[in-house]
Every structure is written in structure tokens, then in C-alpha cells.
Amino acid sequence: MTADNYEAIFYPGKLAVIGASENPLKFGGLVMRALTDFGFKGDLYPVNPRGQSILGHKTYAKLQDVPGPVDFAVIAVPAPKVLDAVRSCVDKGVAGAEILAAGFREEGEAGKALERELVLTARAGGLRLIGPNGFGVYSPAAGLTLLPGVDFSREPGPVGLISQSGGGACDAIYMSRGRSVRFSIAVSLGNACDISVTEMLRYFEDDHRTRIVGAYIEGIDDGRDFFNALKGLAAKKPVVILKGGLSEQGPRGAAGHTGSMAGSRQAWEAAIKSAGAVMAKDIKDLTECLMAFNCLEGFSGRSAGILAGGGIRVVESLDWASYHGFLVPELDPETSGRLQALLPPAGGRGANPVDLANPMMSPSVIAPMMEILAKRPDIDFLALYQMLFYHFNEARRMGSDAFKIEFHHDLAKAAEEVREKTGKPTMVIMPDITSDPEHVYNEKGRMEARLHYTSRKIPCFDSADRAFSVLRRVADYYTGRGQSRFIG
């Protein structure tokens, strides 16, 4: 099987919604509204025996009444009616269907039996199933979205996502949007009764649209097959795995959610590491790893040049860089002198880290210092602190947005020029300080800055700990593959 075999499922041109409705409180209504508002690019066929038109689309009493072939179906009926819907898809020759309803394996023996019958019926008829108990497929190139994903990005990108949680998939997609991470497809597998996590790993290995893969996993059926698929994919593309249910009590939640067996932390950590993949700590960590891989293809740096404003930032950057295994080389007197000459007469320090002394240092001052550090052979990448809370407070006090906007443009341009001249990337650390609703202006500005930087392949983080932790795993991945592109 190659990625081409899944084209009708992940990029359908003709889509039926079985159980379609205009009622926004029902799955069928939510799905129709989401697909219509998101802008499904093919032909959309609502199926409901009691409707004539739903949201401007002609409605069919049964699937067999739809003229011509149907590529994909969304089954939005309650669990007791799903088997009949699957049979109708088989009779129609549909390539694939997603089942939204819960009430199967996760509910006990009766649910397990019903789920097995679904699979046997579908496989006998050549129908592939996604779910049940999931949110389905997000495919921006096709205009196909998950159940609540009306305002997901409509722009496709190089990241594939697998999730055994619909909410987890939505969280990751929303959190990725402001970090300039765009998806080829994202699949909420739920119980994964047919198309499994392992099968999706093999799909993404062959898929030319996908360059990076993320996954949230609760459990798998065949550990050896999963490991082989993960190892094959990780040898070609970065893979970030968030494994749920690793605590002593975690398996109880996984079994109740998707009916999955979680497995031990030690076994999973060993398997993911041995396969050459990257392990994430939580959903935010997963999205930040995807962002870093998207921004830093081939990165394997080992030593940092740091620019920070203020004593605590200098100290914490050294602490966290060291904790995560990075070097912060000391500078020779000549380099220190050149940096010192660019700093204010009091408070700054021309060392590594450079103490900028002022959280509002001008880009015209920072840019030449970035270049001085980046040209050193013992520095592989730059870490630049930006204390945006103080920038935005000052901008608000002055009643001007111009300072805020121009500042980021100039710094991003400087980082891009350094990267072009030296091959060395920059990451930005923008500490998350805002806590009072009165400062919501500041948080909006920080989000805008993050989007501006990441859209230019400059990864951004909320803290030094998160920054150096993520970069450590990216560097280890590319070092293990032996495919470094940056100096390091």
C-alpha cells in the first residue's frame, strides 16, 4: 500500500454526511456547518430521510440515492445505527468513512462486539474506517475539517498529525496555528478499529506532502509492528510522539477513553528512543517540537551564543543551556571588547551570554552583536531574549503601535541575514510574564511577534527551559540521522 491508495479518503472530491442535520446540537448539524463554513472543495451530499435541503445542499433520503460515486462518508448517527450506515457505504462502494459516535470498545463487551462487526463488514466490502469515537480527518487542501474545526488554518503544510483524541488533535492544531505550523492532514483516530496508528505511520512515510509527523497515542495492538513502522518513518522524517497514560493511574484514563492499553513508561521511552523518534512531554511540548522541526531542518548545534537583557535572564539561560547539554563558550578578550563597544557605557557586559542591560535594546544595536557571535566557529546557534512585556508597556504608554511592529521586522530581518551569511539559526525566547487582564494588550503583541518570527523560520519559546529542551531533541534527532545541515 502506498499513499496513493488513501487519496480518496484524505483528499475526497465527493463527500456524503450520513445523519446530516440543520440542528446545531447534533453531530450531523455540527459537521454540515463545519464543512460548509470551512469551504469543502468538492461535492457535498447530506443524507437524511427527513430533509430536502440542508444549508443549501440538496439532501438525499439514503446514500444509494446520491448520483454517481462517493469517495468518503462522515457517519454522524448514534452508535446503534452505525452498522447500517457502514453497510450502506459498502453497497455504494465508498472508499472510506469516519465514525464520530462513541459507544463501542470503550464501553465494554457489547461495544467491543459491535466494533468487531463494523470492522468485519467494512473489510469484506473494501471500506476503510476511521474511528469510531473520533473527530475524523482535517485536510486543508481538500477543505475537509474536524468536527469543531471551522477556524483551523485553510493553508496546507508539511506536518502530518495522528491523534487518538479528538480534543488532542484540535488542541495541537490550534496551538500550532500561531507558530506557523501547517498540516498536510491530521487524523483523529479515536478507537482506531481499522486504520491504526501504525498504518498512519507507514502512510506518512510514503506521503510526499508530509515532511514532519506528530502523534498523540494512548495504546497500540501490535508493539513490534508499531516499532518497525515508527523506525522506518523516523529514518526518513522527524517524528514527535506524545504518549498518554504513562503514570501509574494513566492507563485507567486511556482504557476509559479509547479502550486502549497504555503500557509502561519505561517500555515506551525505550521504544521511542530506539526507533529514532522524539518524545514529547505534553501537548504544548508536542507543538513546540513540531514548530522547531519546521523552522530548523537539519539542526544539530551543540553550542549557543546568547543575548539577554538583565541578570536573571543571563543566569537562567546559562543554567538551562547547561542542564540540557549545550555549551555556552566563553569569549576571548578581543571579541568581548568588540561587543562591549556596542553596549551602553554602564550595565552591559560583552560576554557570552551578552548582558544587554536593557530589556528594550534597539535592533540596530542587537544586530551587529548577533553577527559577531555567529561568526565564531565555536558557536552554532543564537538564543535571543526579547522581554516583550516591557516593550509593549512602553508602546502603550506612548500610545503608539509603530514601535512594536517595526521592532520585530528589524530583528527578524537581522536573524535572517545572520542565517544567510553564516548558516547559523536564531531562536527567540519571549518570557510569558502577563497575568493581569489589564495587560491583555501585551499578550496579543507577544502572539503577533511569535507568528512573525516563526513564519520566517525563527522558532519562539516562552522560557529558556522549553527552548533548550526542544532544541536538544531536534539536535539529537538530526545527529542520530547524520544529516546535519547547520554547523555543529
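The values are calculated or read from the model by the stated rules, or taken from the named source; none is laboratory data. These numbers were taken from a predicted model, which means no experiment stands behind them. A quick note on method: Cβ atoms are made from the backbone with ideal geometry, for glycine too, and the neighbour counts reach across all protein chains shown. Calculation scope for accessible area: heavy atoms of the full protein, side chains included, ligands and nucleic acids excluded. Shrake-Rupley method; radii C 1.70, N 1.55, O 1.52, S 1.80 Å.
In the range 409-438, how many are part of a helix (DSSP H, G or I) and over 19 Å from GLY298 (Cβ atoms)?
If we filter the range 409-438 for residues that are part of a helix (DSSP H, G or I), which is where we start, we get 409-422, 437-438.
Narrowing the set further to residues that are over 19 Å from GLY298 (Cβ atoms) leaves 409-414, 417, 437-438.
Qualifying residue count, the range 409-438: 9.
Report the residue count in the range 467-488 for those that are open to solvent by less than 60 Å² (accessible area, probe 1.4 Å) and at pLDDT 95 or above.
Result for the range 467-488: 11.
Condition check: part of a strand (DSSP E or B) and either out of contact with any Pro (no Cβ under 7 Å at 6 or more places or on another chain) or crowded, with 16+ Cβ neighbours inside 10 Å (or both). Does LEU339 satisfy that?
no
From LEU230, LEU201, grab the single residue that is out of contact with any Phe, Trp or Tyr (no Cβ under 8 Å at 6 or more places or on another chain) and not small (Gly, Ala, Ser).
Numbers: LEU201 fails: out of contact with any Phe, Trp or Tyr (no Cβ under 8 Å at 6 or more places or on another chain).
Unique residue meeting the criteria: LEU230.
Would you confirm, using the coordinates I've provided, whether ILE220 is touching a residue at least 24 places away in the same chain (Cβ under 8 Å) and assigned to a strand (DSSP E or B)? Even if it seems obvious, please write down each step before you answer.
Values: touching a residue at least 24 places away in the same chain (Cβ under 8 Å): yes; assigned to a strand (DSSP E or B): no.
No, not satisfied.
Yes/no per residue for (1) open to solvent by 10 Å² or more (accessible area, probe 1.4 Å); (2) under 22 Å from PRO359 (Cα atoms):
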| position | (1), (2) |
| --- | --- |
| LYS421 | yes, no |
| HIS452 | yes, yes |
| ILE458 | no, yes |
| ALA464 | no, yes |
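Could you grab me the full set of residues in the range 16-41 that are of a type outside the set (Val, Ile, Thr), over 26 Å from the mean Cα position of the chain (by Cα) and open to solvent by less than 30 Å² (accessible area, probe 1.4 Å)?
Within the range 16-41, the subset of a type outside the set (Val, Ile, Thr) is 16, 19-30, 32-35, 37-41.
If we keep only those that are over 26 Å from the mean Cα position of the chain (by Cα) too, we end up with 16, 19-26, 28-29.
Once the filter is applied, which keeps residues that are of a type outside the set (Val, Ile, Thr), over 26 Å from the mean Cα position of the chain (by Cα) and open to solvent by less than 30 Å² (accessible area, probe 1.4 Å), the range 16-41 yields ALA16, GLY19, ALA20, SER21, GLY28, GLY29.
If a residue must be in contact with a helix residue (DSSP H, G or I) (Cβ under 8 Å, 6 or more places away or on another chain) and surrounded by fewer than 22 Cβ atoms within 10 Å (Cβ to Cβ), how many such residues does the range 117-141 contain?
Residues flagged as in contact with a helix residue (DSSP H, G or I) (Cβ under 8 Å, 6 or more places away or on another chain) and surrounded by fewer than 22 Cβ atoms within 10 Å (Cβ to Cβ) within the range 117-141 amount to 6.
Where residues in the range 182-218 are of a type in the set (Gly, Ala, Ser) and open to solvent by 10 Å² or more (accessible area, probe 1.4 Å), which of them is farthest from GLY149 (Cα to Cα)? Explain how you work it out, then say what you get.
Initial filter on the range 182-218 (of a type in the set (Gly, Ala, Ser)): 184, 186, 188, 190, 192, 196, 214-215.
After this cut, where a residue has to be open to solvent by 10 Å² or more (accessible area, probe 1.4 Å) as well, the list is 192, 196.
On the way: ALA192: 20, SER196: 22 Å.
Selected residue: SER196.
With respect to ALA8, determine if the residue is small (Gly, Ala, Ser), modelled with pLDDT of 95 or more, touching a Phe, Trp or Tyr at 6+ places or on another chain (Cβ under 9 Å) and not in a strand (DSSP E or B). Let's see the steps before the verdict.
Details: small (Gly, Ala, Ser): yes; modelled with pLDDT of 95 or more: yes; touching a Phe, Trp or Tyr at 6+ places or on another chain (Cβ under 9 Å): yes; not in a strand (DSSP E or B): yes.
Considered against the rule, which asks whether it is small (Gly, Ala, Ser), modelled with pLDDT of 95 or more, touching a Phe, Trp or Tyr at 6+ places or on another chain (Cβ under 9 Å) and not in a strand (DSSP E or B), ALA8 comes out as yes.
From (1) β-branched (Val, Ile, Thr); (2) surrounded by fewer than 24 Cβ atoms within 10 Å (Cβ to Cβ); (3) at pLDDT 95 or above, pick out the condition that doesn't hold for VAL150.
With respect to (1) β-branched (Val, Ile, Thr); (2) surrounded by fewer than 24 Cβ atoms within 10 Å (Cβ to Cβ); (3) at pLDDT 95 or above, VAL150 is out only on (3).
What pairs can you find where one residue is in the range 258-276 and in a helix (DSSP H, G or I), the other is modelled with pLDDT under 90 and crowded, with 20+ Cβ neighbours inside 10 Å, and their Cβ atoms are less than 7 Å apart, with a gap of 6+ or different chains?
THR258/GLU106
Spot the failing condition for ALA321; the list is (1) open to solvent by 40 Å² or more (accessible area, probe 1.4 Å); (2) touching a residue at least 12 places away in the same chain (Cβ under 8 Å), and only one is missed.
(1)
Could you tell me whether any residue of the range 238-254 is modelled with pLDDT under 90, touching a Leu at 6+ places or on another chain (Cβ under 8 Å) and among the basic types (Lys, Arg)?
No - not one qualifying residue is present in the range 238-254.
Would you check if there is a residue in the range 35-53 being touching an Asp or Glu at 6+ places or on another chain (Cβ under 7 Å) and among the charged types (D, E, K, R)? Please lay out each step first, then the result.
First pass over the range 35-53, keeping only residues touching an Asp or Glu at 6+ places or on another chain (Cβ under 7 Å): none.
Scanning the range 35-53, I find no residue that is touching an Asp or Glu at 6+ places or on another chain (Cβ under 7 Å) and among the charged types (D, E, K, R), so the answer is no.
Residue under question is TYR441, and the condition is that it be buried (at least 23 other Cβ atoms within 10 Å of the Cβ) and either without any contact (Cβ under 8 Å) to a residue 24 or more places away in the chain or assigned to a helix (DSSP H, G or I) (or both); does it hold? It would help to see each step written out before you state the result.
Working: buried (at least 23 other Cβ atoms within 10 Å of the Cβ): no; either without any contact (Cβ under 8 Å) to a residue 24 or more places away in the chain or assigned to a helix (DSSP H, G or I) (or both): yes.
The answer is no for TYR441.
For the range 53-84, give me each residue that is open to solvent by 70 Å² or more (accessible area, probe 1.4 Å) and in contact (Cβ under 8 Å) with a residue 60 or more places away in the chain.
LYS81 - this is the single residue of the range 53-84 that is open to solvent by 70 Å² or more (accessible area, probe 1.4 Å) and in contact (Cβ under 8 Å) with a residue 60 or more places away in the chain.
Assess whether VAL137 counts as being in contact with a strand residue (DSSP E or B) (Cβ under 8 Å, 6 or more places away or on another chain) and under 20 Å from VAL474 (Cα atoms). If you could, list the steps in order and put the result at the bottom.
On the way: in contact with a strand residue (DSSP E or B) (Cβ under 8 Å, 6 or more places away or on another chain): yes; under 20 Å from VAL474 (Cα atoms): no.
Judged against the criteria, VAL137 is not a match.
Among the candidates ARG87, ARG50, single out the residue that is assigned to a loop (DSSP other than H, G, I, E, B) and either among the polar types (S, T, N, Q) or open to solvent by 10 Å² or more (accessible area, probe 1.4 Å) (or both).
Working: ARG87 fails: assigned to a loop (DSSP other than H, G, I, E, B).
Result of the check over ARG87, ARG50: ARG50.
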